[in-house]
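Peer 1: Okay, handing you the structure first.
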Amino acid sequence: MDHLVEINDVHFARGNTPIYEGVSLVVPRGKVTAIMGPSGCGKTTLLRLIGGQLKPQSGTVKFAGTNIPDLGRSDLYEARKRMSMLFQSGALFSDMTVFDNVAFPIREHTNLPPNIIATIVKMKLEAVGLRGAGRLFPAQLSGGMARRAALARSIALDPELIMYDEPFAGQDPISMGMLVKLIRELNHTLGLTSIVVSHDIHEVMSIADHVIILANKQVVGQGSPAELEAHGNALVQQFLHGDADGPVPFHYAAQPYHEDLLGGKNA
Amino acid sequence: MEARKIEFLVGVFVTAAIAAIVFLAMQVANNTDATRGETYTLYAKFDNIGGLKVRSPVKVGGVVVGRVSRITLDREYFEPLVEMRISVDFKGFPDTSSASILTSGLLGEQYIGLEPGFIDEDVFTLEHGDYIYNTNSAIVLENLIGQFLFSQGGD
Amino acid sequence: MIQFFQSIGRNTLDTVRGIGAASIMLAQALIGKPQPVKMFSLLMRQLYVVGVQSMLIILISGLFIGMVLGLQGYTILVDFGAEQALGPMVALSLLRELGPVVTALLFAGRAGSALTAEIGLMRATEQLSSLEMMAVDPLRRVVAPRFWAGFISMPLLAFMFSAVGIYGGYFVGVQWLGVDDGAFWSVMQSSVDWQHDVMNGFIKSVVFAVVVTWIALYKGYTAMPTSPGISAATTQTVVYSSLAVLGLDFVLTALMFG
């Protein structure tokens, strides 16, 4: 199978805290790949490594065959034109209207005349169902609308890869449903490759072709949703079923309960 | 519309700044400084320069023609040596001219008053680097009072 | 004891590292092939935010400081019968010191803190990251126009401050306290030199403009992307720029007029 992103034996530490110790994974081209894992396991960090905003201490991060950490500034910027990222907060520019936000990357990277830009922007906004909201400012949008507007902006230049950072976090069921539909449709109609970082298992399992589960600084499970359901790893099973206790303990590491209570010391 | 309003206000801002600069140039500062353009240098030795400073004006009949550029002490006779830069617009003072250190008003700043001398066939003009030999030193108030008291006592 | 030296060492290293990082940031923002067309509209917008919006506070402060100088100067000078020296006193103190310094302090409080908060907030809401991911350099796009706007605005504001202040001094001294109109202007004119006084003040305000804008941008750019982080960065901008302005003012004054 053709892989758009290949990550091989990546070690990454933030300060003295190791985040990854030997992570290897692949993102197949043209599919929706989900990256899941407990909070704080560095899912977002993975997206930043692919985008070249962070550099691993060792290992390779290959995007379409080129190793991202090796690229110089201008080559990296060229590579970034072929990918895009939907941030958790949407990251719309608060001093521009929705229309200008979507038009921003087009104006920045092309020399198209204004009427053609307007046409492209309207098409992108139509795709996310916000063609009527072009004149609004980001502050006037609801959370779900802001995320859809940001999605329109991230597909403005027709990237090959789109990375969604927690697209469902804090969304009501309706906008969640809209986003699920959008991610799948965009992937199929535009022939994109998508990476979705999330821990909404239900939504993710419904749209993902390939699922990667990160935990304990490593990849613990990788495969199609069906393969993972049958996965032998206890951690994978705990995560998929949302059990309260298991390999990831309910209790934060502490001294024995009765000693703590009887010891009389403050925590 | 928005962009036009911003451009308009920035225009107002820059215009106000230019107006301020013009005001400072025309009304506040003396832009017609005699030492601005090309200058030539004259020297003068005094017994006492009083409160004369570098950048003090050199005036002829009240008109500023130059400025003091350096004050040093002559090594040979330990006399103060004053270097002046005079605008080339005011060239050709006769070498019979005299320089005095004067005070503008009772408490004002001190300046060099240049008094052009008589012109004759055998009188040369002062050129770059020449010395003015005919000088009057600064009047020191304490000496003046002392002299006055002395002359009073002598009567 | 060891800890004491260790903390000195650490602070020194941190300071040097900070200055280095700030220099790299500025260099990356400003060096590179210019894009005049895009830059122009961005610069316009920032000139509006940084310059136009600071104008009112500068004009009003300048007027009041000039009026105070007129009043104080008069009461001191009149004892020596030297009230005609009011003009040069007001003009020189404004042009050499108060114009550049007070403008820089007000600018740090008004525009500098706003720049820090704005950029810090852009970092916190991932707008800077998102620019990077759109292959747009936030240093060139966000930092550079703001730097140039500060660099251009502050000297202009300082000129306005001095001009308005001199008018304030004139208003109090001549219109109110009865110093002779002609003497006020003519004595001022004879003792204020364009090169020595006005231009040196201008050089000061250019230096302050670089320092204040630079500190504000760096503090915003490196602010922790949280509410306490941004508020701390904003405070630091005002404190550090004020200290830097006052310290540099002494050095510059010593070099220029010493």
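Peer 1: Output the number of the condition that B:V63 fails; it satisfies all remaining conditions of (1) more than 8 Å from chain C (Cβ to nearest Cβ); (2) more than 22 Å from C:H196 (Cα to Cα); (3) surrounded by fewer than 15 Cβ atoms within 10 Å (Cβ to Cβ).
Peer 2: (2)
Peer 1: Here are some conditions: (1) touching a strand residue (DSSP E or B) at 6+ places or on another chain (Cβ under 6 Å); (2) surrounded by fewer than 17 Cβ atoms within 10 Å (Cβ to Cβ); (3) within 18 Å of A:V23 (Cβ to Cβ); (4) touching a residue at least 24 places away in the same chain (Cβ under 8 Å). A:N233 meets all but one. Which one does it not meet?
Peer 2: Condition (4) is where A:N233 drops out.
Peer 1: Consider only pairs whose beta carbons are under 8 Å apart and that are at least six residues apart or on different chains; among these, list those whose first residue lies in region C:165-184 and is in contact (Cβ under 8 Å) with a residue 12 or more places away in the chain and whose second residue is not in a helix (DSSP H, G or I).
Peer 2: Qualifying pairs under 8 Å: C:G173/C:V179.
Peer 1: Run B:F118 past the list (1) surrounded by 13 or more Cβ atoms within 10 Å (Cβ to Cβ); (2) more than 16 Å from the chain's Cα centre (by Cα) and report the number of the one that doesn't hold.
Peer 2: With (1) surrounded by 13 or more Cβ atoms within 10 Å (Cβ to Cβ); (2) more than 16 Å from the chain's Cα centre (by Cα) applied to B:F118, the lone miss is (1).
Peer 1: Give me a count of the residues in region C:149-190 that are farther than 14 Å from C:Y74 by Cβ and more than 13 Å from chain B (Cβ to nearest Cβ).
Peer 2: Adding up the residues that qualify gives 2.
Peer 1: More than 13 Å from every other protein chain (Cβ to nearest Cβ) and surrounded by fewer than 24 Cβ atoms within 10 Å (Cβ to Cβ) - does that describe any residue in region C:123-141?
Peer 2: Of the residues in region C:123-141, the ones more than 13 Å from every other protein chain (Cβ to nearest Cβ) are none.
So far as region C:123-141 goes, no, none of its residues is more than 13 Å from every other protein chain (Cβ to nearest Cβ) and surrounded by fewer than 24 Cβ atoms within 10 Å (Cβ to Cβ).
Peer 1: Sticking with this one: Which ranges mark the strands (runs of 3 or more DSSP E) fully within region B:61-136 that have 1 or more residues being aromatic (F, W, Y)?
Peer 2: B:110-115
Peer 1: Six or more apart or on different chains, Cβ atoms under 6 Å: show the pairs whose first residue is in region C:75-89 and surrounded by fewer than 19 Cβ atoms within 10 Å (Cβ to Cβ) and whose second is modelled with pLDDT of 85 or more and among the small types (G, A, S).
Peer 2: Close Cβ pairs satisfying both conditions: C:L77/C:A85.
Peer 1: For the condition at pLDDT below 75 and over 30 Å from A:S154 (Cβ atoms), what is the one hit in A:A230, A:A267, A:A254?
Peer 2: A:A267
Peer 1: Here's something else I'd like to know. Inspect all residues belonging to region B:71-85 and state whether any of them is surrounded by 13 or more Cβ atoms within 10 Å (Cβ to Cβ) and β-branched (V, I, T).
Peer 2: yes
Peer 1: Next up: Looking only at region B:113-132, which residues are hydroxyl-bearing (S, T, Y) and modelled with pLDDT of 85 or more? Spell out how you get there, then give the answer.
Peer 2: To start, the set of residues in region B:113-132 that are hydroxyl-bearing (S, T, Y) comprises B:125, B:131.
The one that is hydroxyl-bearing (S, T, Y) and modelled with pLDDT of 85 or more: B:Y131.
Peer 1: I want to confirm something. Restricting to region A:60-108 and keeping residues that are at the interface with chain C (Cβ under 7 Å from one of its Cβ atoms) and part of a helix (DSSP H, G or I), which single residue is farthest from the chain's Cα centre (by Cα)?
Peer 2: Here the answer is A:E108.
Peer 1: Still on this structure, please answer the following. Could you say whether any residue in region B:139-148 is surrounded by 15 or more Cβ atoms within 10 Å (Cβ to Cβ) and either touching a strand residue (DSSP E or B) at 6+ places or on another chain (Cβ under 6 Å) or more than 29 Å from C:V192 (Cβ to Cβ) (or both)?
Peer 2: Within region B:139-148 (the criterion being surrounded by 15 or more Cβ atoms within 10 Å (Cβ to Cβ) and either touching a strand residue (DSSP E or B) at 6+ places or on another chain (Cβ under 6 Å) or more than 29 Å from C:V192 (Cβ to Cβ) (or both)), the answer is no, since none of the residues qualifies.
Yes or no, residue by residue, for (1) hydrophobic (A, V, I, L, M, F, W, C); (2) more than 19 Å from the chain's Cα centre (by Cα):
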site	(1), (2)
C:A124	yes, yes
C:M134	yes, yes
C:V172	yes, yes
C:W185	yes, yes
C:W194	yes, yes
C:V198	yes, no
C:V207	yes, no
C:L217	yes, no
C:S227	no, yes
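Peer 1: Looking at region B:42-52, is at least one residue more than 8 Å from chain C (Cβ to nearest Cβ), surrounded by 13 or more Cβ atoms within 10 Å (Cβ to Cβ), touching a Lys or Arg at 6+ places or on another chain (Cβ under 9 Å) and on the phi < 0 side of the Ramachandran plot?
Peer 2: yes
Peer 1: Which of (1) surrounded by fewer than 21 Cβ atoms within 10 Å (Cβ to Cβ); (2) in a helix (DSSP H, G or I) does C:G178 not meet, given it meets every other one?
Peer 2: (2)
Peer 1: Turning to a different aspect of this structure: Test each condition in (1) surrounded by fewer than 21 Cβ atoms within 10 Å (Cβ to Cβ); (2) more than 9 Å from every other protein chain (Cβ to nearest Cβ); (3) of a type outside the set (S, T, N, Q) for C:G120 and report the one that comes out false.
Peer 2: C:G120 satisfies every listed condition except (1).
Peer 1: On to the next question. Among the numbered criteria (1) farther than 25 Å from C:S186 by Cβ; (2) in contact with an Asp or Glu (Cβ under 8 Å, 6 or more places away or on another chain); (3) free of Cβ contacts under 8 Å to residues at least 40 places away in the same chain, which one does B:V82 miss?
Peer 2: Answer for B:V82: the failing condition is (2).
Peer 1: A further question on this structure: Filter region C:96-121 down to residues that are under 30 Å from C:G178 (Cβ atoms) and out of contact with any Phe, Trp or Tyr (no Cβ under 9 Å at 6 or more places or on another chain), then give me how many there are.
Peer 2: Total satisfying the criteria: 1.
Here is a yes/no grid of residues against (1) on the phi < 0 side of the Ramachandran plot; (2) buried (at least 22 other Cβ atoms within 10 Å of the Cβ):
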| position | (1), (2) |
| --- | --- |
| A:Q88 | yes, no |
| A:V102 | yes, yes |
| A:P114 | yes, no |
| A:A118 | yes, no |
| A:A149 | yes, yes |
| A:D158 | no, no |
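One line per residue, one yes/no per condition, for (1) at pLDDT below 85; (2) outside the structural domain of C:V143 (by TED's automatic domain parsing); (3) surrounded by fewer than 15 Cβ atoms within 10 Å (Cβ to Cβ); (4) closer than 17 Å to C:T213 by Cβ:
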| site | (1), (2), (3), (4) |
| --- | --- |
| C:N11 | no, yes, yes, no |
| C:V16 | no, yes, yes, no |
| C:A21 | no, yes, yes, yes |
| C:L26 | no, yes, no, yes |
| C:L43 | no, no, no, yes |
| C:Q46 | no, no, no, yes |
| C:V52 | no, no, no, yes |
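Peer 1: Also, quick follow-up: Could you please tell me which pairs satisfy a Cβ distance under 7 Å, a separation of 6+ or placement on different chains, a first residue in region C:26-55 that is outside any helix (DSSP H, G or I), and a second residue that is surrounded by 19 or more Cβ atoms within 10 Å (Cβ to Cβ)?
Peer 2: So the pair list comes out as C:G32/C:R140.
Peer 1: Let me ask something else. I want to confirm something. Restricting to region A:219-230 and keeping residues that are part of a strand (DSSP E or B) and not β-branched (V, I, T), which single residue is surrounded by the most Cβ atoms within 10 Å (Cβ to Cβ)?
Peer 2: A:G221
The values are calculated or read from the model by the stated rules, or taken from the named source; none is laboratory data. Because the structure is predicted, anything quoted here is derived from the model rather than measured. Cβ sites come from the backbone with ideal geometry, for glycine too, and all protein chains shown count toward neighbours.
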